[in-house]
Amino acid sequence: MSIMNMDVEAKRAQALNSLIKQKKLTMESYNKRVRKKSFKVDDLMWKVRFPMGHKDHFYGKWTPQWERPFRVIKVYSGNSYGLQDMNGDMIRNINGKFIKAYYPTVWENYAQNIQKSFPEFWEYRQK
């Protein structure tokens, strides 16, 4: 009987080692594709619109999913960030999975260039 018990224990240990090796390979494969997000103070961010998946009746499926721009004013531990909108108003702290880096769109650059080219038009629109 003791020989059978030793045989079973050896097979269990072999199965455990195999399982640990498979988990390690899976973890390495997953971590190749995952990019950790980290932001610094004064970075510009997009913030997801809550509730997620909400569709505006006017825009329908073209409803924007991200609000912009926000500035990071404080970095907390646990991937949490303190944000401030461009008017200087503070918003609640938000988890890093709900924000992403902000890059100006083509249309924003286009509008800025038009505004520089035709300042009298923009002054007229401001009145």
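The values are calculated or read from the model by the stated rules, or taken from the named source; none is laboratory data. Since we're looking at a predicted model, the values are computed, not measured. Every residue, glycine as well, gets a Cβ built from its backbone with ideal geometry; the counts of neighbours run over all protein chains shown. The accessibility values were calculated without ligands, DNA or RNA, using every heavy atom of the protein model including side chains. Shrake-Rupley method; radii C 1.70, N 1.55, O 1.52, S 1.80 Å.
Remarks
- Local net charge near ASP42, Cβ-Cβ under 12 Å (Lys/Arg +1, Asp/Glu -1): +2
- Annotation: per residue accessible area for the chain equals 88 Å², rounded to a whole number [probe 1.4 Å, protein chains only].
- Modelled FRET efficiency - R0 35 Å, LYS55 with ASN95, Cβ distances, 0.05 increments: 0.90
- Here is the tail figure for the chain: Cα pairs spaced more than 23 Å apart come to 62 percent of all pairs.
- Residue order for LEU44, LEU25 - accessible surface, 1.4 angstrom probe, largest first: LEU25, LEU44
- Computed per residue of the chain from DSSP H runs no shorter than four, each worth -39500 (n - 2.57), the mean residue ellipticity at 222 nm is -14000 deg cm²/dmol.
- Under Karplus coefficients 6.51, -1.76 and 1.60, residue-wise ³J(HN,Hα) of region 36-53 in Hz, glycine/proline x: 6, 8, 9, 10, 10, 4, 6, 6, 8, 10, 8, 10, 5, 7, 9, x, 5, x
- Region 1-110: trypsin sites (Lys or Arg not before Pro) falling in loop per DSSP and having at most 16 other Cβ within 10 Å: ARG35, LYS36, LYS37, LYS40, ARG49, LYS55, ARG92
- Taking the 1.4 Å solvent-accessible surface of the chain as the whole, the part contributed by carbon and sulfur is 57%.
- C-alpha long axis of helix 106-117 to longest principal axis of the chain, angle in °: 20 degrees
- Amide H contacts under 5 Å for ASP43: VAL72, restricted to partners 5 or more places along the chain or on a different chain, H placed in the peptide plane at 1.01 Å from N.
- The chain - share of DSSP beta bridges that are antiparallel (%, nearest 5): 100 percent
- Annotation note: chymotrypsin sites (Phe, Trp or Tyr not before Pro) in region 7-103 located in DSSP loop regions with a Cβ neighbour count of at most 12 within 10 Å are PHE58, TYR59.
- Tensor-based shape of region 64-115 (alpha-carbon gyration tensor, a/c under 1.5 rounded, otherwise prolate or oblate): prolate
- Helix axis angle, 2-33 relative to the chain longest principal axis, alpha carbon, degrees: 20 degrees
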